[in-house]
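All remarks here apply to the structure that follows.
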Amino acid sequence: MTTLRPTLGERELALRTRARRVIPGGMYGHMAVEAFSTAHPQFMVSGDGCRVTDADGREYFDLMCGWGPVVLGHRHPGVAAAVADQLSRGDCLDGTSPLAVELAELLVDTVPSADWAMFCKNGTDATTTCVTIARAATGRRKVMVANGAYHGAVPWCSLRGAGVTDEDQAHLVHFEYNDLASAEAAAAAAEGDLAAIIVCPMRHDIRRDQELADPAFARGLRALADRTGAVLILDDVRCGYRLDLGGSWEPLGVRPDLAAWSKAIANGQALGAVTGIEALRDAARSVYVTGSFWYAAVPLAAGLATLTELRKGTALPDMARTGTRLREGLAAQALSHGFQIRQTGPVQMPVLYFAGDDDVRLGTAWAEAAVENGVYLHPWHNWFLSAAHTDDDIEEILTRTEAAFATVARM
């Protein structure tokens, strides 16, 4: 296969050179684009609706949405107005903004499993707080996690090896997603010391097909937690606000004891949340978790505006409709160019792989061709739709992905 030779802009290349001098690796974490592409720009300067613009002024249709946080679209007017209004009056103050109470009330009114809410800064904060509360409530140590699941970038749950010791994860017990028998075995291995079962609404590990939760598996975990006295934690950080406002397992009829939220809950502002049931209120009150910026007023204002907009009821159906059209269009394009592809997961959070492409070389070439044609997406991480993606936008995106398929077919 001939390699695509993408062209990065002059300012992009200059910024990368400067960054390598002052930032380890030039960039780190999930946004280090050199880890997955030679074509994707690292640096973005603006966003508007479902488009982003890089440092060289090139515009892209955005199918990553900031890797999930942007659910209403970049610079959504209602959220932007709430942010500007609060910023004009202050952000990090000596006391908590009344907005914290308003947003907590709205979350409790929206999420059936929520009797209370706490706020933090990101998804790792939220999952860690959930685990801490579960241990405080039960007096136990062990936490069940699915193999390959991502629950944050700190030692207790990190998937990365460097700097993480065996002792950091000594109390994790692993099971296989959608395999209730393995979950039962993991609970038994905890030998009465099981504090929590933490689980994602679906399997969204990187470099593999996404896997929706089997309803029987979800119900089985709920029953297992009840039987063992463990706390069931739903890590809704990635899926929250795209599948169901009440919680991503609400359509399955399964409610968690605690839920971790972040990404989309403030349409791009840094905010995380934990919601929980009444029985865990005292445990939540007893733990010590905090951060200087956890109750900053501007993200709370964005969170309130975001949830208020989403509760109008049009955004989620719109994302489902446009996501379905995108999936159908990509399937037809692949077939017309002689490629077999797999598209898995919910249409609002799709991922695409080429059949037989175990090293994702073909998928990477296609993703690079897509970005060269002005569509920003990822070769092996799920994408994200937003409410700002209109039907016309999807048709234009498909015009450009058609060109990407054609490019790869010529290699």
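Annotations for the structure displayed:
- For the pair F293 and A32 in one chain, pulling the backbone fully straight at 0.36 nm per residue adds 91.5 nm over the alpha carbon distance.
- By the combined test of axial Cα extent (at least 30 Å) and Kyte-Doolittle hydropathy (mean at least -0.5), the qualifying DSSP H helices of the chain come to 315-336.
- Overall shape: oblate for the stretch 169-285, with the ratio a/c of the largest to smallest alpha carbon gyration tensor axis at 1.5 or above and b/c at least equal to a/b.
- For the stretch 77-310, the Cβ-based charge dipole about the Cα centre amounts to some 240 debye (Lys, Arg positive; Asp, Glu negative; other atoms uncharged).
- Hits among lysines - C-alpha to C-alpha of K121 under 18 Å, sequence gap 8 or more where chains match: K263
- Rounded if a/c under 1.5, otherwise prolate or oblate - the stretch 124-221, Cα gyration tensor axes: oblate
- Checking every one of the trypsin sites (Lys or Arg not before Pro) in the stretch 272-370 against DSSP loop status and a limit of 10 other Cβ atoms within 10 Å picks out K312.
- Among A225, A297, A216: highest mean-square fluctuation, GNM of the chain, C-alpha pairs under 10 Å: A216
- Residue order, fewest to most surrounding Cβ atoms within 10 angstrom, among S88, S286: S88, S286
- Sparse-neighbourhood loop sites, chymotrypsin sites (Phe, Trp or Tyr not before Pro) in the stretch 236-343 - DSSP loop, at most 15 other Cβ within 10 angstrom: Y288, F293
- Extension gain for R208-S88 works out to 38.7 nm (0.36 nm per residue, less the C-alpha to C-alpha distance).
- Cα centroids of the stretch 379-409 and the stretch 306-339: 10 Å apart.
- Take the Cβ atoms of T324 and R227, set R0 to 35 Å, and the FRET efficiency comes out at 0.35.
- Mean ellipticity per residue at 222 nm, deg cm²/dmol - from DSSP H runs of n ≥ 4 across the chain, formula -39500 (n - 2.57): -11500 deg cm²/dmol
- For the options H389, H337, H40, a Gaussian network treatment of the chain with springs between C-alpha atoms closer than 10 Å singles out H337 as fluctuating the most.
- In this simple spin-label approximation, R75 and D109 carry label points 7 Å from Cα along the Cα→Cβ vector, and these lie 3.1 nm apart.
- When you restrict to C-alpha pairs under 8 Å that are six or more residues apart and normalise by the size of the chain, the relative contact order lands at 23 percent.
A short reminder: the numbers here are calculations on the coordinates, not readings from a lab. Note that the structure is a prediction, hence the values are computed from the model and not measured. Cβ sites come from the backbone with ideal geometry, for glycine too, and all protein chains shown count toward neighbours.
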